[in-house]
Amino acid sequence: MQHVLWIVFMLFIAIPPSWSLAGVISPARVHQQVGDVYFRTPSDTDWLPVAINTPLDEGDSVWCPDGSRLEIQLNDGSLIRIDGGSTMEMLAVEEGFTQIHLSAGRMYVHTVSNVKERSLQIDAEDTTVLPASRTRLRIDMLPNSEEDVSIFKGSAYVEGNGSRTRVRAGEQIALEEGRNELLALNPPDDWERWNLDRDRGIIRSSRSEAYLPEEIRGYAGELDASGEWVRVPDYGMVWRPTVILADDWAPYRSGRWIWKGDDYVWISYENWGWAPYHYGRWIVVGGRGWCWVPPGRGDVYWGPGYVGWYRTGDRVGWTPLAPGETYYGHRSYGRNSVNINVTNINVRNTTVVYRNSGARGGMTMVPQNDFLRGRTVNTPMSGRNAIPPSAAVSVGSPRIKPIRESRMPVVKGTPPRVAPPEVKRVAPQEMRQRFPRIMPSSPAATPAPARTPKTATPAPVATPQVRDRKNVPAGQPTAQPQPAGRTTAPAETRAPASPATQGRGERRSPVPVVTAPAVKTAPAMQTRPQSSPAPNAGQNRRATPSPQAQPRKVWNVTAPEQRNENKGAPVPARGRSEERREAPQR
């Protein structure tokens, strides 16, 4: 009996079930960029320029200077975009969970349909957002310590200032110290319109999804846009690029290797060059050329670059691996891979022959100095003499000490045109302790805190005015100078009202200093002087609402302790009176 159990145990190890190999932890990647954008790893002190397909791992920081924009794709296909003047950190990249911290600026989020509940968490200084699937939202961090979350489609669970609620499409929640408010959306600005244009370009349905395992279907759209699928005996449906510009094109040549973490990682300069270089294998098909064979179900592992390595003298070489060939890496990468950190490997050239090394463009060799500095590969080696006689198969990537240029996805000799942000370096573990993972029992069923309706004099429906919601609570000393408050349209009544003449841009404009009187009453809010109109006033405005326009919902979202303190307290004075209405029942 013991003998039979031993045989069963050995078979279980030799042929692992598919579910045991199905897990994959893929980093996020730079999908598109406008202008110069920089990133920094936990081990680096300098900000380094990013390039398309740069992997972003746990602990990496990203800085987008003014005038630049960046689009990041997560491993489930969701998109994160940040505007100029923004910085963010990747706090967690785990299986089934990604956590991002927005430390400055503004962010746009577009989740896809396969996003699981609570799989994406975005933290600002005082706000946590958990988007649902098929959701489009933006997060703005304003200079007056106010944080806005606007939902354009779908919904999101939001926590902040002791309150928690579900914010839905068409709503915007403004969170500031001691006060939260749910508002209607602002008119779109240039940042929002740019994101909408990007969203329209996303391919909604893709033929490639039928031929890809579930874990990498988020990359199907770019494969459809850049290639075609063909059926090949023994391999089934394989993908070949159709946007190549050279007859001698070969994989793993348009790009460079960078040192990241503890290994050399391939950075492709081709728009589609993420999935085909970090998953699966390559073959050469007669009359078709190079074709990519996607990984099979249950064997989806992101890798730094599935190649076989060669070393000879001061030269470094590599060749794309064919299906079934062993990949020697520093971790476990599923079937047909060996973790050389735990296994002693003795490889001889007579026993290892890579099938693609003799194909056209199948062998690339460069001087070691060019390899470290990322110089372009110009001359592929192919044919019978592709491998120099002195070249030896290298087990794993070359152990060459990297230099500064080895860490740069694109080598630039000039420093950033603006000074990098002075961000205090905080260890990822410390950041995650400060921003723990939120695990609501059921975000969809979590009710918003009871909202206390406010009574105020109805607002006139004439010319809209600027209002600053930065009220000073009663009983506090003189307030410090604060940046501009939020500019919004007046509360609408059921009669048609004039549209707002102020947009998002005015929220960053300074207003006169507001000083609280010594008495324990809230000060009256100051309005912008008529001699100093808000910038961009009157631009990018929506048309005047029709008489059938629905009233705007405006209410406070307050914590229970705040409601107890505010019982019987007089309504604070405002720069202009406005009508408050109780939130509709959900």
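Taking the stretch 72-98 as the range and being crowded, with 21+ Cβ neighbours inside 10 Å and among the small types (G, A, S) as the test, the residues that pass are S78, S86. The residues of the stretch 313-334 that are among the hydrophobic types (A, V, I, L, M, F, W, C) and either farther than 17 Å from Y264 by Cα or open to solvent by 50 Å² or more (accessible area, probe 1.4 Å) (or both) amount to a single one, A322.
I'd like to check something: does the stretch 176-183 contain any residue that is over 29 Å from A124 (Cβ atoms) and either in contact with a Gly (Cβ under 9 Å, 6 or more places away or on another chain) or part of a strand (DSSP E or B) (or both)? So far as the stretch 176-183 goes, no, none of its residues is over 29 Å from A124 (Cβ atoms) and either in contact with a Gly (Cβ under 9 Å, 6 or more places away or on another chain) or part of a strand (DSSP E or B) (or both). Candidates are the residues of the stretch 218-241 that are in contact with a helix residue (DSSP H, G or I) (Cβ under 7 Å, 6 or more places away or on another chain) and within 15 Å of G287 (Cα to Cα); the one that is surrounded by the most Cβ atoms within 10 Å (Cβ to Cβ) is W239. Name the residue that is surrounded by the fewest Cβ atoms within 10 Å (Cβ to Cβ), counting only residues in the stretch 152-169 that are of a type in the set (G, A, S) and closer than 20 Å to L79 by Cα. In this case the residue turns out to be A169. Among the residues of the stretch 401-433, those that are without any contact (Cβ under 8 Å) to a residue 12 or more places away in the chain and farther than 23 Å from G85 by Cβ comprise K401, G413, Q429, E430, Q433.
Test of understanding: among W249, W191, which residue is more than 30 Å from T364 (Cβ to Cβ) and touching a residue at least 12 places away in the same chain (Cβ under 8 Å)? Spell out how you get there, then give the answer.
Values: W249 fails: more than 30 Å from T364 (Cβ to Cβ).
Only one candidate passes the filter, namely W191.
Among the residues of the stretch 274-294, none is identified as under 27 Å from the mean Cα position of the chain (by Cα) and modelled with pLDDT under 95.
One line per residue, one yes/no per condition, for (1) outside any loop (DSSP other than H, G, I, E, B); (2) β-branched (V, I, T):
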| site | (1), (2) |
| --- | --- |
| A250 | no, no |
| I267 | yes, yes |
| Y301 | no, no |
| V342 | no, yes |
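Taking the listed residues D57, D44, D66, the one that is open to solvent by 10 Å² or more (accessible area, probe 1.4 Å) and in contact with a strand residue (DSSP E or B) (Cβ under 8 Å, 6 or more places away or on another chain) is D57, with no other qualifying.
State whether the residues of the stretch 185-201 include one that is open to solvent by 40 Å² or more (accessible area, probe 1.4 Å), within 30 Å of R288 (Cα to Cα), within 26 Å of the chain's Cα centre (by Cα) and modelled with pLDDT under 90.
Checked against the condition, which is being open to solvent by 40 Å² or more (accessible area, probe 1.4 Å), within 30 Å of R288 (Cα to Cα), within 26 Å of the chain's Cα centre (by Cα) and modelled with pLDDT under 90, the stretch 185-201 yields at least one hit.
Candidates are the residues of the stretch 99-151 that are touching a residue at least 40 places away in the same chain (Cβ under 8 Å), open to solvent by 20 Å² or more (accessible area, probe 1.4 Å) and acidic (D, E); the one that is nearest to L182 (Cα to Cα) is D126. Consider the stretch 400-418 and keep the residues that are at pLDDT 90 or above and part of a loop (DSSP other than H, G, I, E, B). The one that is most open to solvent (accessible area, probe 1.4 Å) is K401.
The values are calculated or read from the model by the stated rules, or taken from the named source; none is laboratory data. Treat the numbers as computed from the prediction; the structure is a model and nothing was measured. Cβ coordinates were reconstructed from backbone atoms using ideal geometry, including for glycine residues, and neighbour counts include every protein chain displayed. Accessible surface is based on the protein model in full, side chains and every heavy atom, while ligands, DNA and RNA are left aside. Shrake-Rupley method; radii C 1.70, N 1.55, O 1.52, S 1.80 Å.
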